[in-house]
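First the structure, in the form of structure tokens, and then the observations on it.
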Amino acid sequence: MLLRLAELNAAYAAAIDQDRLEAWPDFFTDGCLYKITSAENHKRGYAAGIVYADSKAMLRDRVTALRTANIFERHSYRHIVGLPVIGSDGVTAETPFLVARIMRDGRTDVFATGVYLDVLTDDAGSLRFAERIVVCDSSHFDTLLATPL
């Protein structure tokens with residue numbers, strides 16, 4: 001399971017980092033939950049997130065909006081994803097991450113650090129996210145949080 005999840009995380013990060021955002025929703029089940037929140041809000045149990053989607057269709061809509069409607073400064077990400085810790089139930093996992101943002105002028109900044117809290121499912125032999133809560137260490141969110149983490 002550890003190797004399968006590490007491979008899933010690597011492919012997930014590569015899809016985002018290589019601007020293959022149309023492939024991003026395919027890492028999730030149809031009835032998934034994807035949320036970006038702060039550690040403080042997560043600790044308090046707040047349900048709302050900075051980004052919130054409760055289906056693969058909503059993730060696809062987000063990508064369509066990014067491509068056609070949203071206006072933001074061009075940038076790219078580089079994910080550094082740690083090794084996951086798999087829960088004793090075999091379906092939950094916690095994985096640390098760091099995301100660097102590379103701006104069009106070449107400047108690189110640490111954009112986000114935190115942990116992915118996942119609920120996983122085996123979908124016909126392919127590991128998928130039934131739930132991915134992106135818990136960012138900082139409660140400060142940049143206005144350029146357009147691309148998925």
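Values in this text are rule-based calculations from the coordinates and carry no lab data. None of these values were measured; they are calculated from a predicted model. For neighbour counting, all protein chains shown are included, and Cβ atoms are generated from backbone atoms with ideal geometry for every residue, glycine included.
With the cut-off at 20 Å, report for the chain the share of all Cα pairs above it, as a whole percent. The calculated P(r) of the chain puts 47 percent of pairs beyond 20 Å. Principal-axis analysis of the Cα atoms of the chain puts helix 2-17 at an angle of about 20° to the longest axis. Rank ASP89, ASP19, ASP54 by mean-square fluctuation in a GNM of the chain with C-alpha springs under 10 angstrom and give only the top-ranked residue. Evaluated over the chain, the most mobile residue of the options is ASP89.
Comparing LEU21, LEU120, LEU66 in a Gaussian network model of the chain where C-alpha atoms under 10 Å apart are linked, the largest mean-square fluctuation is found at LEU66. State the antiparallel share, in %, of DSSP beta bridges confined to the stretch 2-136, rounding to the nearest 5. The antiparallel proportion sits near 80 percent.
Here is how the number arises for the chain: DSSP H runs of 4 or more residues each give -39500 (n - 2.57), the sum is divided by the residue count, and the result at 222 nm is -7000 deg cm²/dmol. Shown in residue order for the stretch 54-68 are the 3J(HN,Hα) couplings computed by the Karplus curve 6.51 cos²θ - 1.76 cosθ + 1.60 at θ = phi - 60°: 10, 6, 4, 4, 5, 5, 4, 4, 4, 5, 4, 5, 4, 7, 10 Hz (x for Gly and Pro).
Among the chymotrypsin sites (Phe, Trp or Tyr not before Pro) in the stretch 46-103, those located in a DSSP loop and surrounded by at most 15 other Cβ atoms within 10 Å of their own Cβ are TYR46, PHE72. Multiplying the residue separation of ALA10 and ASP137 by 0.36 nm and subtracting their alpha-carbon distance yields 43.6 nm.
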